[in-house]
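In what follows, a structure is listed as structure tokens, so that the remarks can point back to it.
The values are calculated or read from the model by the stated rules, or taken from the named source; none is laboratory data. What you see is a predicted model, and the numbers here were worked out from it, not measured in a lab. Here Cβ is always computed from backbone atoms with ideal geometry, including for glycine, and neighbour counts include all displayed protein chains.
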Amino acid sequence: MTTIVKAINVRKSFGAHQVLRGVDFEVENGEVLCILGPSGGGKSTLLRCINHLEDLNDGVIWVDGEIIGYELKGSTLHELPPRLLRMQQREIGMVFQHFNLFPHMTALENVIEGPVTVRKEPKAQAEARGRELLTSVGLADHCGAYPVQLSGGQKQRVAIARSLAMKPKIMLFDEPTSALDPELVGEVLDVMRALAATGTTMIVVTHEIAFARDVADRVAIMVDGEIREMGPPAEVLANPKDARVRSFLSRVLS
Amino acid sequence: MILQRASGAVRVDVGALNQRSYRIVRLKHVGRWIGALVVVVALALLVQAFAHGQIHWATVGEFLTAGVIVRGFGNTLLISFFAMIIGVSLGTLFAIMRLSANPVTRFVAWLYVWVFRGTPVMLQLLIWFNIALVFPRLVIPGLYEARMVDVVTPFVAALLGLGINEGAYMTEVVRGGISSVDHGQTEAAKTLGMSRFQTLRRIILPQAMRLIIPVMGNSAIGMLKFSSLAAAISMGEMLNAAQQIYFINGAVIELLFVCGIWYLAGTTVLSIVQYYIEQHFGRGVAGTPAKFSFRLPFRSNTPLSGGVEESKA
């Protein structure tokens with residue numbers, strides 16, 4: 001296995017509030033990492049640092065041979081110009097809690113937007129692949145539907161297809177089922193499960209402990225801006241060593 | 001129960017509910033019928049009054065299609081159209097500049113709005129018209145040279161004055177529209193690797209349009225009327241032409257009515273155009289009501305299922 005993501009001493013503050021207090025981790029190619037933890041622990045911020053939606057105050061994030069958002073010159077990091085940053089960002093797929101589909105475009109138009117506008121693929125080719133992707137998330141019949149006509153679960157599946165259309169090296173999921181009605185959570189998790197089975201590298205911030213236990217290769221538990229425990233779900237979820245992690249798990253598992 | 005009594009609902013014993021199905025009688029809107037009657041009578045009196053007033057309707061009919069009036073209206077349309085194009089272009093440009101991360105461009109946009117929104121449009125028209133007093137010659141070194149009075153004709157002065165002033169207002173309108181679009185849209189575009197320009201053009205502006213268009217429609221209608229100010233700088237638009245005629249023949253009200261009819265015709269057409277543009281940019285929005293529509297107000301504004309309709313188109 002080869003490393004595809006490496007984070008070293010990632011620190012991030014909003015004003016005086018330290019959200020990330022030195023986070024280190026590695027993700028192997030094809031691995032599924034679930035990040036769990038209480039609200040306000042910095043899970044989403046960490047995820048948003050990986051594709052540089054947030055810049056860092058210290059530390060470094062490396063994805064598949066490149067430092068994200070910066071160029072290393074000697075021992076200093078220089079901010080990348082926007083054009084180069086965009087080249088990195090399009091290699092990293094992201095699925096948001098609130099879907100963030102483009103409401104003025106149909107499902108298919110949402111999916112082909114990246115390939116056509118950014119990768120300059122011919123439209124016919126992008127559409128063919130877009131239909132394939134929508135079919136693979138179970139939405140073959142909804143290509144022409146606008147987001148407003150779709151349920152939350154369907155929207156999130158379109159959002160996943162939209163990210164996959166860019167053929168990303170890794171996929172980030174920021175609480176993908178938190179905004180869904182309970183009966184719609186399953187359909188999105190099923191798509192993610194299928195995606196994991198194809199060997200896609202996934203980093204998933206979630207509250208779905210059962211999903212983490214079944215699908216994740218490893219789980220990380222973040223409390224107060226630090227990863228307190230990290231390892232195979234069977235180990236971490238069953239025998240947490242850290243007191244804060246124990247109290248968090250006892251609340252969510254009961 | 002206390003609440004129920006307070007709300008004035010009629011108390012019914014639970015035992016009285018002995019049917020499974022009831023016929024429903026709609027509330028009668030007596031006030032509406034009385035109101036309609038009053039309006040009809042008032043309108044009839046108004047028509048009656050004007051029909052017997054000191055107006056020579058034949059003169060109105062005669063001048064409605066008079067060459068000089070129609071040409072004047074053509075000029076009115078021409079100025080309005082191009083001033084609006086200038087206004088919308090400048091407005092979009094400066095709105096983007098005002099929202100830029102660059103403090104220099106932000107300042108330039110702020111300065112533009114401050115100056116051109118902060119002075120009367122009439123003043124600006126007069127300054128453009130008299131610009132030759134400041135700069136007698138327009139010189140682009142090595143490329144172009146001319147007398148300013150030949151370049152800035154009344155028509156050009158009207159275009160510059162109205163267009164640049166409109167642009168200052170449009171800047172604020174477009175800025176409001178852009179700011180109203182959820183930040184998640186920008187983030188989603190970023191994760192796809194879209195540039196700032198691509199994000200604006202493909203994602204943000206089409207959504208901002210829903211808010212911008214109704215205001216822009218207002219502006220376009222306003223512009224059609226404001227263009228009459230150009231009469232002050234001897235631009236031969238319709239109102240100017242009408243005045244010149246009634247100074248001679250004395251048919252003051254008749255010619256003003258002619259202008260009124262043409263202005264109403266113009267604004268009606270604009271309202272219809274606005275309705276269709278709104279329909280276009282309303283796609284993907286649940287229950288877009290036909291607000292600000294040109295439809296007569298008698299029909300209720302039932303929400304159209306905008307998304308469904310448009311997805312077929």
> How do the helices (runs of 4 or more DSSP H) wholly within the stretch B:71-171 filter down when requiring 3 or more residues that are modelled with pLDDT of 90 or more: which remain?
Replying inline: B:103-117, B:121-129
> How many residues, within the stretch A:21-48, are crowded, with 20+ Cβ neighbours inside 10 Å, in contact with a Ser or Thr (Cβ under 8 Å, 6 or more places away or on another chain) and either of a type outside the set (A, V, I, L, M, F, W, C) or closer than 11 Å to A:MET230 by Cα (or both)?
Replying inline: 4
> Among the residues of the stretch A:98-108, how many are in contact with a Phe, Trp or Tyr (Cβ under 9 Å, 6 or more places away or on another chain) and more than 8 Å from chain B (Cβ to nearest Cβ)?
Replying inline: 1
> How about the stretch A:1-27: which of its residues are of a type in the set (D, E, K, R) and without any contact (Cβ under 8 Å) to a residue 40 or more places away in the chain?
Replying inline: A:GLU26
>> If the requirement is being crowded, with 18+ Cβ neighbours inside 10 Å, away from chain B (no Cβ under 14 Å) and at pLDDT 95 or above, which of these qualifies: A:VAL158, A:VAL215, A:VAL205, A:VAL223?
In response: A:VAL205
> Somewhere in the stretch B:56-75, is a residue of a type in the set (A, V, I, L, M), touching a Gly at 6+ places or on another chain (Cβ under 7 Å) and crowded, with 17+ Cβ neighbours inside 10 Å?
Replying inline: no
> Looking at the stretch A:86-105, which of the residues that are among the hydrophobic types (A, V, I, L, M, F, W, C) and more than 20 Å from A:SER44 (Cα to Cα) is surrounded by the most Cβ atoms within 10 Å (Cβ to Cβ)?
Replying inline: A:PHE102
> helices (runs of 4 or more DSSP H) wholly in the stretch B:223-313 with at least 1 residues that are within 14 Å of another protein chain (Cβ to nearest Cβ) and at pLDDT below 90 - which ones?
Replying inline: B:252-281, B:306-312
>> Of the residues A:ILE50, A:ILE61, only one is out of contact with any His (no Cβ under 6 Å at 6 or more places or on another chain), under 28 Å from B:VAL181 (Cβ atoms), more than 8 Å from every other protein chain (Cβ to nearest Cβ) and not charged (D, E, K, R); which?
In response: A:ILE50
>> I'm trying to understand the selection: among the residues of the stretch A:106-129, which are surrounded by fewer than 22 Cβ atoms within 10 Å (Cβ to Cβ) and in a loop (DSSP other than H, G, I, E, B)?
In response: A:ARG119, A:LYS120, A:GLU121, A:PRO122
> A:ARG90: within 14 Å of chain B (Cβ to nearest Cβ), touching a residue at least 60 places away in the same chain (Cβ under 8 Å), charged (D, E, K, R) and within 30 Å of B:ALA101 (Cα to Cα), yes or no?
Replying inline: yes
> When you go through A:VAL148, A:VAL137 one by one, which is the residue that is more than 8 Å from every other protein chain (Cβ to nearest Cβ) and over 30 Å from A:ILE8 (Cα atoms)?
Replying inline: A:VAL137
>> Suppose we filter the stretch A:200-238 for residues that are hydrophobic (A, V, I, L, M, F, W, C) and assigned to a loop (DSSP other than H, G, I, E, B); how many remain?
In response: 1
>> With the requirement that a residue be loosely packed, with under 13 Cβ neighbours inside 10 Å and farther than 24 Å from B:ALA231 by Cβ, what does the stretch B:135-156 give you?
In response: B:PHE135, B:PRO136, B:ARG137, B:VAL139, B:ILE140, B:PRO141, B:GLY142, B:LEU143, B:TYR144, B:GLU145, B:ALA146, B:ARG147
>> Anything in the stretch B:178-198 that is surrounded by 16 or more Cβ atoms within 10 Å (Cβ to Cβ), within 15 Å of B:MET97 (Cα to Cα) and within 13 Å of chain A (Cβ to nearest Cβ)? List them, or say none.
In response: B:ARG196
> If you go through the stretch A:226-243 one residue at a time, how many are under 11 Å from A:LEU33 (Cβ atoms) and either buried (at least 23 other Cβ atoms within 10 Å of the Cβ) or of a type in the set (Val, Ile, Thr) (or both)?
Replying inline: 1
> Inside the stretch B:211-266, can you point out the residues that are over 13 Å from B:PHE73 (Cα atoms), small (Gly, Ala, Ser) and either in contact with a His (Cβ under 7 Å, 6 or more places away or on another chain) or surrounded by fewer than 18 Cβ atoms within 10 Å (Cβ to Cβ) (or both)?
Replying inline: B:GLY222, B:ALA232, B:SER234, B:GLY250, B:ALA251
> With respect to the numbered conditions (1) among the hydrophobic types (A, V, I, L, M, F, W, C); (2) away from chain B (no Cβ under 14 Å); (3) in contact with a helix residue (DSSP H, G or I) (Cβ under 7 Å, 6 or more places away or on another chain), which one is the sole condition not fulfilled by A:ALA197?
Replying inline: (3)
> Can you spot a residue in the stretch A:172-186 that is within 11 Å of another protein chain (Cβ to nearest Cβ), under 25 Å from A:GLN89 (Cα atoms) and either aromatic (Phe, Trp, Tyr) or not in a helix (DSSP H, G or I) (or both)?
Replying inline: yes
>> Looking at B:ILE203 and the list (1) closer than 19 Å to B:LEU90 by Cα; (2) within 14 Å of chain A (Cβ to nearest Cβ); (3) of a type in the set (A, V, I, L, M), which single condition is not satisfied?
In response: (1)
> Could you say which residue among A:VAL111, A:VAL95 is more than 7 Å from every other protein chain (Cβ to nearest Cβ), at negative phi and in contact with a Cys (Cβ under 9 Å, 6 or more places away or on another chain)?
Replying inline: A:VAL111
>> Just to be sure I understand the filter: pairs with C-beta atoms under 8 Å, separated by 6 or more residues or on different chains, first member in the stretch B:126-153 and within 26 Å of B:GLU237 (Cβ to Cβ), second member exposed (fewer than 10 other Cβ atoms within 10 Å of the Cβ). Which pairs pass?
In response: B:LEU138/B:TYR144
